[in-house]
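The values are calculated or read from the model by the stated rules, or taken from the named source; none is laboratory data. Here the structure is a predicted model, which is why all the values come from computation and not from measurement. Cβ placement follows ideal geometry from the backbone for every residue including glycine, while neighbour counts extend to all protein chains displayed. With ligands, DNA and RNA removed, areas are computed over all heavy atoms of the protein, side chains included. Shrake-Rupley method; radii C 1.70, N 1.55, O 1.52, S 1.80 Å.
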Amino acid sequence: MHRPIATPVAALLVLVAFVIGGLFGASVMVAAAVADRRTADSGPTVAGLTAVVLLALAGVFSVLGGTPKASELTPAFASDRGLAAAAALGAGMSALYALVGFALAERERHQPLVSSIDRRSLSRVVVAGVGGISLLSLAIAVRAALAPAPLRVDFAQLVINLRLGDGYTRGVAPALDATALHPPLAPLVAAILPGVVSNVHVLVSALVVLATAGLGARLGGVRGAVGAGLVAAVLPSMWGQQLPEALAALGVTCGVLFAWPDRISAPSAALSGACLALGALSRPEAGLALPVVVVWIAMRSKWNAAPVVACALAAAALMGPWMFWTHDRFGTLLPSTSLGATLAGANLQVTTRGLRIGELDPLPPPPSGVDEGVVDATRRNEGFKRLWSARTPVVVGARIGRAWDLWAPWGVQQARTARGLTTPGSAPGVFVEAAASLVLMVWLWLRRRNWRRLLPFYGLPLAFTLVSALTFGSRDIRSWTAPIVATAVGLVLGDLWRRPLVARSTPVPRSSDVAR
């Protein structure tokens, strides 16, 4: 049973809430403490769910009050919308109380660290630490030497405008237009950390290696962790990612990991949903991982509603403000306004025949002063109309083959060159990716009886393949699936490490020896 937060700690939280949010903030914290004492089994959970509900209400009240333009983003906007401001402040206070409550409950649930460690467990901790540091060092070294620039050139003006306080806009002042061409997370990271964005890019990509090793450990123990981590450290589609792709890969991989404890709980499911939402805010198509993981959580928890709802609500709380904003500005519920250009550019006459079949012919972004939502909707309609033709089966096959890097190496290089990108690993890297993809497909076939337990290993590649068939093949959209590929290959290598490649043969006795 959870013990309510001690009175001194609760009083300190009330004082902090008063300093931050005045009398209203302190009142919310007092209400959270009262709920904690009256619901001893789920006090922090109630506070956490209250925070999510209040945050959603803040977004609703803000939208109902009218969303301002970039030039109107002033403190007066919040003061003119008292309900939205109050709900947001209450959400912050409730979340703070829930965070402290969960931390104290987790501490009570376990014995002190020193008394629970013996020699064997200590040696395991040391080995795991040394192994993790070694994998991280290898990953950082590879990425520092070979990784591309953190962001493409078309991100530059957006990042500059964010740093200047002009909001999420494109173009040069005074002709600034709100933009949703790029999901928000990577540009915000680049704007907040302008001097070290390259180092952040390398570190995020290296952390994906550790998360991939965690997936390998779930299925193959130490050997699986080492194998998955080594493959993730050197696989071209892992170190060849730019910052948006690396953030998406980290979010999706951590989302799968947090959804994979032996007994799934609402807090771990909420962390999973938050990570998946951050992945979708980095690459829009990574949002397809959310329904896959939600269904997986439901199956593993025997259709228990608490973790499923926690995962979905956490994802909605993080993605909601961005979705509200894009809908208000551009009239679309999609996380970006680039799908139209992708569909139209992938279905032009030049990309459905000849050597460029299945590629992308990049379309320029909308000119300044033109609404991106209208342009996106028009291009989406054009792309869908051209998609349904007699050439569709051939083009779809080419896209899937190119996306899985089973297409000709020169075709992959030509496609990336047309988009101003290099091919990670060049032609040898394409063949390595092809081999890794084949290993994944064989591994999935051999593990087909365990598909329920391994649903993300089936669902994520399938979702990625559908995206590739609809649009175009690229390692960029493969980024959030690449850790799954690396994990499967690493598990195969771990099995080979355990079993010798050539079995030792038992000498057959000669007939003369038998006669004797």
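Potential lengthening of the chain between residue 199 and residue 355 amounts to 52.4 nm, from the contour at 0.36 nm per residue minus the alpha-carbon distance. For the chain, leaving out every one of the chymotrypsin sites (Phe, Trp or Tyr not before Pro) that falls in a DSSP loop and has at most 16 other Cβ atoms within 10 Å, the longest unbroken run is 1-302.
Projecting label points 7 angstrom from Cα along Cα→Cβ for residue 422 and residue 368 puts them 3.3 nm apart.
From the alpha carbon centroid of the stretch 149-193 to that of the stretch 199-225 is 30 Å. Think of the chain as having a plus end and a minus end, set by charges on the Cβ of Lys, Arg, Asp and Glu; of 35, 253, 92, 253 sits farthest toward the positive end of this dipole. Accessible surface comparison of 311, 254, probe 1.4 Å, protein chains only, largest first: the order is 254, 311.
A cut-off of 5 Å between modelled amide H atoms, ignoring neighbours fewer than 5 places along the same chain, links residue 177 with 170.
Placing 278, 219, 343 in order of accessible area, with the largest value first and a 1.4 Å probe, yields 278, 219, 343. No disulfide-compatible partner, judged by a Cβ distance under 4.7 Å, exists for the following cysteines of the chain: 311. Residues in the stretch 378-392 carry Karplus couplings, in order, of 5, 5, 4, 4, 5, x, 5, 5, 6, 5, 8, 8, 5, 7, 4 Hz; the curve used is 6.51 cos²θ - 1.76 cosθ + 1.60 with θ = phi - 60°, and Gly or Pro positions show x. Its Cα centre serving as origin, the chain has a Cβ charge dipole (Lys and Arg +1, Asp and Glu -1) of approximately 2020 debye. Charging the Cβ of each Asp and Glu at -1 and of each Lys and Arg at +1, and nothing else, the dipole of the stretch 341-454 about its Cα centre rounds to 680 debye. Considering only 282, 394, 320, and ranking their Cα positions along the charge dipole of the stretch 246-395 that arises from unit charges at the beta-carbon of Lys, Arg, Asp and Glu, the one farthest toward the positive end is 394. Rounded to the nearest whole Hz, the Karplus-based 3J(HN,Hα) values (6.51 cos²θ - 1.76 cosθ + 1.60, θ = phi - 60°) of the stretch 48-60 follow the sequence x, 5, 4, 4, 5, 5, 5, 5, 5, 5, 4, x, 5, with x at glycine and proline. Over the chain, what percent of the accessible surface lies on carbon and sulfur atoms, probe 1.4 Å? It is 69 percent, rounded to a whole number. Across 203, 466, the residue with the most accessible area heads the list, and the full order at a 1.4 Å probe is 466, 203. Mind jotting down the distance between the C-alpha centroids of the stretch 289-330 and the stretch 236-273, whole Å? If you average the Cα positions of each part, the centres end up 14 Å apart. Over the chain, dividing the summed -39,500 (n - 2.57) contributions of all DSSP H runs of at least 4 residues by the number of residues returns a 222 nm mean residue ellipticity of -22500 deg cm²/dmol. How large is ³J(HN,Hα) for each residue in the stretch 298-313, as worked out from phi by the Karplus curve 6.51 cos²θ - 1.76 cosθ + 1.60 (θ = phi - 60°), to whole Hz, x for Gly and Pro? Per residue, the Karplus-derived 3J(HN,Hα) values read 4, 5, 6, 8, 6, 6, 6, 6, 4, x, 5, 5, 4, 5, 5, 5 Hz.
Over all distinct Cα-Cα pairs of the stretch 198-309, the Kirkwood formula returns a hydrodynamic radius of 14.3 Å. For the stretch 350-429, the set of trypsin sites (Lys or Arg not before Pro) satisfying both a DSSP loop assignment and a count of at most 13 other C-beta atoms within 10 Å is given as 353. Taking a ≥ b ≥ c as the square roots of the Cα gyration tensor eigenvalues, the stretch 349-408 comes out prolate, since a/c reaches at least 1.5 and a/b is larger than b/c. Model label points for residue 298 and residue 392, set 7 angstrom from Cα along the Cα-to-Cβ axis, are 2.8 nm apart.
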